[in-house]
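The values are calculated or read from the model by the stated rules, or taken from the named source; none is laboratory data. Computed from a predicted model, the values in this text were never measured in an experiment. Neighbour counts are summed over all protein chains in view; Cβ atoms, including those assigned to glycine, are modelled from backbone coordinates with ideal geometry.
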């Protein structure tokens with residue numbers, strides 16, 4: 001899990017490439033779409049609606065499971081979202097004769113406590129990336145839509161960086177409540193020191209993350225980039241680290257660092273400009289206070305109100321495989 005464009009796809013494919021994990025390229029939107037739309041799974045009627053809807057999704061088709069065999073467990077044994085995930089993924093793992101499974105969804109940073117309540121033995125891997133690179137990448141691919149009056153070049157970058165900050169801080173705050181079952185991995189470490197970083201992660205997961213084996217398997221993003229700059233990669237090898245240094249104007253960097261510099265430093269990222277060169281304007285102060293409230297309110301509406309429920313259903317109808325889902329941050 002992690003903010004969109006943080007390397008969640010890459011890390012997930014590394015886990016699957018290590019062996020011993022079920023290979024699943026689908027989407028289980030139980031917390032952010034299905035339960036908000038149909039209600040608690042304690043009701044059998046709701047379970048029936050949830051299951052019927054999921055059967056029409058790409059997530060089900062990619063599971064390779066038989067609907068008839070799955071229905072008994074879903075309808076009789078599931079009482080919450082965690083039960084749904086366990087039943088589906090245990091069945092996928094059993095069909096592939098492996099012992100472990102992992103679920104990919106960047107937005108799980110927003111649902112850690114619900115997942116942990118429903119799956120007590122769940123463990124969480126939070127991947128974090130430099131917010132300046134996130135702002136650049138998400139803006140380029142249109143992955144986050146700022147408010148209408150913040151869609152100018154610099155303001156949209158600042159708004160996107162504030163979205164990154166909100167996601168990272170939400171994930172870290174939730175994760176700290178379960179310190180023995182939560183780990184943070186930095187994208188930059190995964191790229192520059194893969195052996196050391198995978199060794200640390202492997203110890204946490206109690207799983208052999210052999211880098212040579214992972215490279216040989218080369219599943220998903222290990223073989224085909226989903227970078228927002230991949231079209232340029234056909235012409236030259238593009239370094240994924242610190243693109244913002246060359247692609248953002250000094251004034252854009254100053255605006256981002258003035259607005260989310262505290263979060264950058266909290267996560268080990270040095271600021272490039274001294275304080276005198278990144279003054280915080282009144283507009284940026286307003287955006288710093290407004291966007292967390294806006295994003296938190298938007299999340300609540302999507303989870304608890306009819307309007308949000310119907311918006312969530314459109315996201316399910318348009319769902320894509322994990323390698324492409326990073327563009328869904330706007331939905």
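Within segment 19-28, does at least one residue satisfy the condition of being in contact (Cβ under 8 Å) with a residue 40 or more places away in the chain and more than 20 Å from the chain's Cα centre (by Cα)? For segment 19-28, residues in contact (Cβ under 8 Å) with a residue 40 or more places away in the chain and more than 20 Å from the chain's Cα centre (by Cα): present. For residue 81, the criteria (1) more than 22 Å from the chain's Cα centre (by Cα); (2) surrounded by 19 or more Cβ atoms within 10 Å (Cβ to Cβ); (3) closer than 28 Å to residue 184 by Cβ hold in every case but one, which is (1).
Filtered by the rule that a residue be part of a helix (DSSP H, G or I) and surrounded by 14 or more Cβ atoms within 10 Å (Cβ to Cβ), segment 56-74 gives 58, 59, 60, 62, 63, 70, 71, 73, 74. Here residue 271 meets each of (1) over 30 Å from residue 13 (Cα atoms); (2) modelled with pLDDT under 90 with one exception, condition (2). Counted as qualifying within segment 177-241 are the helices (runs of 4 or more DSSP H) with 1 or more residues that are modelled with pLDDT of 95 or more, closer than 19 Å to residue 127 by Cβ and touching a strand residue (DSSP E or B) at 6+ places or on another chain (Cβ under 8 Å), namely 187-192, 194-205.
Count of segment 119-140 residues, restricted to those that are part of a helix (DSSP H, G or I) and either touching a strand residue (DSSP E or B) at 6+ places or on another chain (Cβ under 6 Å) or surrounded by fewer than 18 Cβ atoms within 10 Å (Cβ to Cβ) (or both), is 1.
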